[in-house]
Amino acid sequence: MNKVIGQEWKLPDAIFLTHAHIGHYSGLMYLGREALGAKEQLVYAMPRMHTFLMENGPFSQLIKLKNISIHQLTADSTVNLNKRISVTPFLVPHRDEFSETVGYKIITRNKRVLFIPDIDKWHLWQKDIVYELKKVDLAFVDATFYSQNEIPHREMSEIPHPFVVESMRIFASLPVTEKNKIHFIHLNHSNPILDTQSVETDNVLRNGYHIARFGDLFSLSD
C-alpha cells in the first residue's frame, strides 16, 4: 500500500507478488514510463513469476527500463528486509497456469503474520491451517467467495477457493482468541460481505472473525 507523506505519495519499500493471476500483478504497469516512471522499485517474485514478468510485455519493459528491480524468491527461504522485518514465502495449491502461488509469513520483533489471499481449498494444502493459525498473531486469509451459489452462471470448481462458510466451519471450534486473529480478505465483487450491513457480514462478525476493509491499518510493532 502506498503511504502519504504530507501531500506526496511514497511508493512501498518493496512489493511481494503472490502469483500470475491478473489482479495480483497488473498494477505493476503503473510503475512504467506512461505513469509513475518509477526508479528500480524493488519487487520480489518466485522463479516462475519472475520468468513470466521477464518474458511478457509490458512488464518486461519495466525491467528493461529499470522501473522495477526484480529479486527472485525461494519457497521457505526467508528474506530479511532490515533488522526488524523478515518475509518468508511458502507454496499453496492454486490454479498455477502461469506461475506458482505463494502465501507469506511476515515476522517483526513483536508480531507474526500469516498472509494467504489465494488458495484452492484448505484440505488441499499440505499444511494444517488451524495449526498455522496458532503460530501467528494475525492471519489474513482467502475469502474470495462467501458460498457455493454466489456466481450461478459459472462453474465454481473452475475457480476454487475456500468459501467463507467453509472456513468458518473449519475454525468453529477455535477459542475466541484464535478467531480474533482471522481477517477475511480478497473479496470478489459478488461477495455479500462487501456490504457492511448484510446478513452475511453480521454472521461473520457475530462468530468472532474480522473482515478487512479498505484503509485498515495494522500495527506490527506493539
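The values are calculated or read from the model by the stated rules, or taken from the named source; none is laboratory data. Note that the structure is predicted; figures quoted are calculated from it, not measured. Here the Cβ is made from the backbone with ideal geometry for all residues, glycine too, and neighbour counts use every protein chain on show.
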message: Out of the residues in region 57-77 meeting the condition of being without any contact (Cβ under 8 Å) to a residue 12 or more places away in the chain and surrounded by 13 or more Cβ atoms within 10 Å (Cβ to Cβ), tell me which one is farthest from Phe16 (Cα to Cα).
response: Ser60
- prompt: Looking at region 14-29, is at least one residue outside any helix (DSSP H, G or I), of a type in the set (Val, Ile, Thr) and either modelled with pLDDT of 95 or more or out of contact with any His (no Cβ under 6 Å at 6 or more places or on another chain) (or both)?
  reply: yes
query: For region 151-169, how many residues meet the condition of being part of a helix (DSSP H, G or I) and over 16 Å from Leu205 (Cα atoms)?
result: 3
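Go through the residues of region 138-150 one by one and say whether even a single one is aromatic (Phe, Trp, Tyr) and assigned to a loop (DSSP other than H, G, I, E, B).
Taking every residue of region 138-150 in turn, at least one turns out to be aromatic (Phe, Trp, Tyr) and assigned to a loop (DSSP other than H, G, I, E, B).
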query: Filter region 163-216 for residues that are in contact (Cβ under 8 Å) with a residue 40 or more places away in the chain and either more than 19 Å from Ile119 (Cβ to Cβ) or charged (D, E, K, R) (or both); which is surrounded by the most Cβ atoms within 10 Å (Cβ to Cβ)?
result: Lys181
field: Among the candidates Ala75, Ala45, residue that is touching an Asp or Glu at 6+ places or on another chain (Cβ under 9 Å), of a type in the set (Gly, Ala, Ser) and modelled with pLDDT of 95 or more
entry: Ala75
